[in-house]
């Protein structure tokens, strides 16, 4: 990677993180709140500190070049992927219905998943 490519990647990473918000106080980070710890190939490791509440965190980012068209990361088999591709997307109503079901549910996890002995 050329020095110019590295500089543009650093700028891109800082730009992305500066658009994140602190999970504790919801404050946005600035580029000054980001410290690059390590950069190896496509993996970036950074420390961030909230300017408001001083919460500290580590951020790991994987930045792939446009040429590297990666396969999706999954542990599903080809048959499982095909099975899910044929199903209708989950709707907001589906999520709300399941939330209502779980709110009143009194069984255990094995029973919920149908794995009762």
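Only the coordinates and a few stated rules stand behind these numbers; no lab work does. The structure presented is a predicted model; accordingly, all values stated were derived computationally and were not measured. For neighbour counting, all protein chains shown are included, and Cβ atoms are generated from backbone atoms with ideal geometry for every residue, glycine included.
General observations
- Springs between Cα atoms under 10 Å define the GNM used for the chain, and in it the highest mean-square fluctuation of 41, 33, 93 occurs at 93.
- Per-residue Cβ neighbour rank within 10 angstrom, fewest leading, 63, 95: 95, 63
- What the Kirkwood sum gives for segment 3-62 is a hydrodynamic radius of 11.7 Å, with every pair of different alpha carbons counted.
- Comparing 105, 12, 29 in a Gaussian network model of the chain (Cα springs below 10 Å), the most mobile by mean-square fluctuation is 105.
- Helix 3-18 vs. the chain, principal-axis angle (Cα, 0 to 90°, nearest 10): 50 degrees
- Computed FRET value (nearest 0.05) for residue 47 with residue 74, which takes r as the C-beta separation and R₀ as 30 Å: 0.50
- Exposure proxy order (Cβ contacts within 10 Å, fewest to most) of 35, 16: 35, 16
- Across the chain, C-alpha contacts under 8 Å between residues 6 or more apart give a mean separation that, scaled by the residue count, equals a relative contact order of 13 percent.
- Rounded to whole Å, the principal axis extents of the Cα atoms in the chain read 58, 40, 29, largest first.
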